[in-house]
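The values are calculated or read from the model by the stated rules, or taken from the named source; none is laboratory data. Keep in mind that what you see is a predicted model, and the values were worked out from it rather than measured. Ideal geometry is used to build each Cβ from the backbone, glycine not excepted, and the neighbour counts take in all protein chains shown.
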Amino acid sequence: MIKNKLISAILIVTVMMLGASVQHSLSPSRQSPMPGSSAGLHSVNAGSNSVLMSFGNGTNYWYYSPSGSLDDGFNLTLAAVHYFGLAINYTNSTYGVFVNSLGNEWNSNSTSTGPFWILWIWNYTSGSWEMSGVGINAIGLNGSTSIAWSYVVLNAQTYNPYTVPAGTPADPFPTSSFRGSPAGTGYNPLLSNLPQTLPSGHISWSAGTGVGGVDTQAVDSNGSVYFVADGSGGDSPVLAYNYYGMLLWKQSIGSLDYELAAPLVANGEIIIPSTNGILYILNASNGDVLHTVSNLTSSPYGLTGSPVIGPEGFFLNNCSGGIDYLSFNGSLYWSVHTAGASYYSTPSYLDFKLYSFAGVGNHSVLSVINVTSGKVEWSSTYTGTVSGAPSVVDGALVFVTAVKTAPEDYYGNVTVHLENATDGATVWNFTAGESGGAPSSTVLTKNYVIFISGGYLYELNAADGKMIWQLRVNSQYASPSPIVAGNYLAYSTNSNESQVSMRLLNGEQLWNFTAGAGNYSLSSPDFNGTSVFWGDDSGHVYAFQQLQIADFNYSQHEGNVTLTAQLNNHITGPVNYTWSVDGAVEYGQTADQHFRYNGTYDVTLTVSYSSGTTSVYSSSIQVNSSSSNQSSGTGLHSAGFSAYTLAEYAALPAVAAAVIVLLLVRHRRRKPAQ
């Protein structure tokens with residue numbers, strides 16, 4: 001049936017090309033937001049229609065419109081392109097309206113497999129996108145209608161798109177790969193008429209991996225967040241949590257070493273390269289192993305670069321100086337050898353071009369590969385090493401080199417390069433100076449370049465490379481990569497007390513969280529606009545959100561106080577409750593305390609799931625011991641990590657010895673950070 005729909009669409013296009021139609025083009029024009037056109041970021045409010053335009057390169061535009069203001073999907077699409085200043089070309093025919101291009105990305109007229117703009121409708125019952133069986137102008141708006149346009153390639157046998165839109169009405173801006181974009185920009189524009197609900201600097205929940213630390217960026221997709229932990233002391237696990245901290249599944253990938261590659265979530269799968277040299281493809285919903293590929297690399301370091309989604313599968317640096325393009329079942333489309341080794345480097349993909357770095361001694365070779373043919377179109381060699389991912393946007397290519405200025409240097413002199421992505425011509429260079437560890441990958445927007453090197457956070461003008469501001473950050477060693485959503489910057493540091501922080505793009509700090517002593521971190525934060533997920537070497541993962549995981553009420557009568565814990569209704573299964581009330585500790589969903597004196601008393605509620613996830617909430621209660629009236633209150637504020645790590649450390653005497661070992665081996669961990 002799907003195939004017939006697509007064949008019908010192709011026939012309609014043919015009729016249009018023969019003249020039975022009128023074609024229209026609208027140029028970009030930035031418009032003011034429509035009055036009242038807003039909705040909650042993680043849900044579609046009742047009475048609001050929405051449209052997603054997904055360009056297949058990590059750029060997603062959501063537009064929301066109140067019920068009654070527009071009558072069909074075509075007018076909703078027109079309102080969206082006007083709002084964001086995007087171009088549109090469409091054909092109006094007797095068969096209805098057919099969209100030829102959005103944002104200057106055109107349907108292919110040379111192949112039957114695209115890329116094409118495919119129209120989808122969100123099915124609220126099944127919780128999934130379904131291809132539309134009618135034209136855009138035939139879709140009526142009922143106040144909660146969600147549609148999507150996605151620019152995708154079709155399977156030549158089934159004529160189904162290889163991928164469906166990643167964003168959903170419930171989770172509009174999922175981060176499904178390292179840096180959140182195949183183009184490696186580290187930037188989610190969040191260009192929407194939605195208000196943003198920023199995460200606070202308090203921990204929503206935290207969990208221990210039970211094995212080794214977390215050195216990779218977490219990725220989240222459609223309400224789940226995935227972490228890959230090191231195999232120190234056991235097999236490396238992949239862990240999937242929902243946004244409320246409940247462990248959904250845990251799967252071993254068999255490595256006893258450090259894991260350095262962030263996974264990719266796409267096509268209902270999670271794709272994980274391992275330092276044991278094996279590529280694992282798991283079912284993203286339950287962790288079942290679907291495919292393994294074990295012949296990709298001869299590198300003794302295994303697979304250390306993160307996979308990047310492409311039009312029909314994904315790309316992977318194989319650490320042996322080459323790039324592999326694989327399907328979602330692990331079969332190989334093509335493999336290209338570029339130069340040297342590509343240790344810990346991730347390629348970037350944009351508009352059927354792949355940009356990949358490989359090292360040769362103290363030099364790095366950039367190869368630009370035509371994805372359709374698998375051939376290198378051009379290459380260029382640079383002095384120094386490039387260990388992070390390049391960034392590509394609007395014809396600009398940005399990357400960072402580190403050049404040794406003395407034999408004993410670990411990384412040396414750091415330079416940011418902005419070049420023409422078409423031919424490699426230099427636009428500007430910025431020298432950041434000496435760095436004791438690998439610089440981060442850059443964040444690239446139309447206006448800014450942001451990166452960390454030598455313990456400093458920099459923001460440069462993308463037009464000329466001049467520094468806008470420079471800030472000292474607590475990062476002694478290799479620098480995890482920052483990430484930007486909208487006007488907000490999240491970054492982490494790698495030092496004896498690693499930190500994760502959020503700032504405005506003008507450099508103003510919004511909040512900062514510091515992990516415990518010895519908790520180094522190579523993990524780049526995952527920031528999707530509403531949540532920050534992060535991991536460190538202590539084996540803990542952290543979630544910073546605006547979700548209410550738990551709460552407590554209290555009632556009192558003549559100094560007798562009863563505290564009652566309440567969980568969010570998304571939480572199921574066994575839960576342990578620990579109360580700390582004015583220094584006394586009690587257990588259970590309710591706690592009874594007697595107070596002889598009136599006053600204000602601090603209460604801390606620790607909620608622990610059976611999987612080991614922990615959330616801590618603190619508030620104060622007002623006690624009137626002489627009153628016979630009941631009163632109630634609620635605790636809504638996170639107490640931070642220290643309140644419960646002390647208890648964990650007290651219960652685990654071996655942690656002190658583990659910290660000492662960690663400090664001793666940490667120099668081995670000064671590997672380049674993506």
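Overview of values
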item: Residue that is at pLDDT 85 or above, of a type in the set (Phe, Trp, Tyr) and within 15 Å of Asp72 (Cβ to Cβ), where the choices are Trp117, Trp149, Trp122; result: Trp149
item: Yes/no for Ser144 being surrounded by fewer than 17 Cβ atoms within 10 Å (Cβ to Cβ), more than 29 Å from Leu264 (Cα to Cα), out of contact with any Pro (no Cβ under 7 Å at 6 or more places or on another chain) and free of Cβ contacts under 8 Å to residues at least 24 places away in the same chain; result: no
item: Any chance Asp536 is surrounded by 16 or more Cβ atoms within 10 Å (Cβ to Cβ) and of a type in the set (D, E, K, R); result: yes
item: Asn474, sole failed condition from (1) within 16 Å of Val443 (Cα to Cα); (2) part of a loop (DSSP other than H, G, I, E, B); result: (1)
item: Residue among Thr614, Thr564 that is buried (at least 18 other Cβ atoms within 10 Å of the Cβ) and not hydrophobic (A, V, I, L, M, F, W, C); result: Thr614
item: Every residue from segment 291-310 that is in a strand (DSSP E or B) and either among the charged types (D, E, K, R) or free of Cβ contacts under 8 Å to residues at least 40 places away in the same chain (or both); result: His291, Thr292, Val293
item: Ala463 over 19 Å from Ser538 (Cβ atoms), at pLDDT 90 or above and not charged (D, E, K, R); result: yes
item: Unmet requirement for Trp428, which otherwise passes all of (1) hydrophobic (A, V, I, L, M, F, W, C); (2) part of a strand (DSSP E or B); (3) in contact (Cβ under 8 Å) with a residue 60 or more places away in the chain; result: (3)
item: Single unsatisfied condition, Thr111 versus (1) over 20 Å from Gly268 (Cα atoms); (2) modelled with pLDDT of 90 or more; result: (2)
item: Matching residues in segment 566-583 - criterion: being on the phi < 0 side of the Ramachandran plot and under 32 Å from the mean Cα position of the chain (by Cα); result: Gln566, Leu567, Asn568, Asn569, His570, Ile571, Thr572, Pro574, Val575, Asn576, Tyr577
item: Boolean, Phe430 is in contact with a strand residue (DSSP E or B) (Cβ under 9 Å, 6 or more places away or on another chain), under 24 Å from Phe315 (Cα atoms) and assigned by TED's automatic domain parsing to the domain that holds Ala261; result: no
item: Hits in segment 340-352 (condition: within 21 Å of Gly180 (Cα to Cα), out of contact with any Lys or Arg (no Cβ under 9 Å at 6 or more places or on another chain) and buried (at least 18 other Cβ atoms within 10 Å of the Cβ)); result: Ser342, Ser345, Pro347, Tyr349, Leu350
item: Hits in segment 102-118 (condition: without any contact (Cβ under 8 Å) to a residue 40 or more places away in the chain and in contact with a Gly (Cβ under 9 Å, 6 or more places away or on another chain)); result: Ser108
item: Matching entry among Gly388, Gly384, Gly395, Gly412 (being among the small types (Gly, Ala, Ser), under 27 Å from the mean Cα position of the chain (by Cα) and within 27 Å of Tyr301 (Cβ to Cβ)); result: Gly388
item: Some residue of segment 525-541 being touching a residue at least 24 places away in the same chain (Cβ under 8 Å), among the aliphatic types (A, V, I, L, M) and assigned to a loop (DSSP other than H, G, I, E, B); result: no
item: Filter result (in a loop (DSSP other than H, G, I, E, B) and of a type in the set (Ser, Thr, Tyr)) within segment 245-282; result: Ser255, Tyr258, Ser274, Thr275
item: Single condition Pro165 does not satisfy, out of (1) surrounded by 15 or more Cβ atoms within 10 Å (Cβ to Cβ); (2) farther than 27 Å from Ser110 by Cβ; (3) not aliphatic (A, V, I, L, M); result: (2)
item: Segment 126-140, residues that are touching a residue at least 60 places away in the same chain (Cβ under 8 Å) and crowded, with 23+ Cβ neighbours inside 10 Å; result: Ile136
item: Check on Thr405, assigned to a loop (DSSP other than H, G, I, E, B), polar (S, T, N, Q) and more than 29 Å from Thr59 (Cα to Cα); result: yes
item: Segments classed as strands (runs of 3 or more DSSP E), wholly inside segment 318-377, with at least 2 members that are free of Cβ contacts under 8 Å to residues at least 40 places away in the same chain and either within 18 Å of Ser441 (Cα to Cα) or among the hydrophobic types (A, V, I, L, M, F, W, C) (or both); result: 353-360, 363-370
item: Lone qualifier among Val368, Val427, Val449, Val398 - being modelled with pLDDT of 95 or more, among the hydrophobic types (A, V, I, L, M, F, W, C), surrounded by 19 or more Cβ atoms within 10 Å (Cβ to Cβ) and farther than 23 Å from Tyr491 by Cα; result: Val368
item: Top-ranked residue of segment 182-198 - restricted to ones that are at pLDDT 85 or above and assigned to a loop (DSSP other than H, G, I, E, B), ranked as surrounded by the most Cβ atoms within 10 Å (Cβ to Cβ); result: Gly184
item: The listed residue being among the β-branched types (Val, Ile, Thr) and touching a helix residue (DSSP H, G or I) at 6+ places or on another chain (Cβ under 9 Å), out of Ile450, Ile483; result: Ile483
item: Which listed residue is among the basic types (Lys, Arg) and farther than 26 Å from Tyr280 by Cα, from Lys353, Lys404; result: Lys404
item: Residues that are buried (at least 24 other Cβ atoms within 10 Å of the Cβ) and out of contact with any strand residue (DSSP E or B) (no Cβ under 6 Å at 6 or more places or on another chain), drawn from segment 476-490; result: Tyr477, Ala478, Ser481
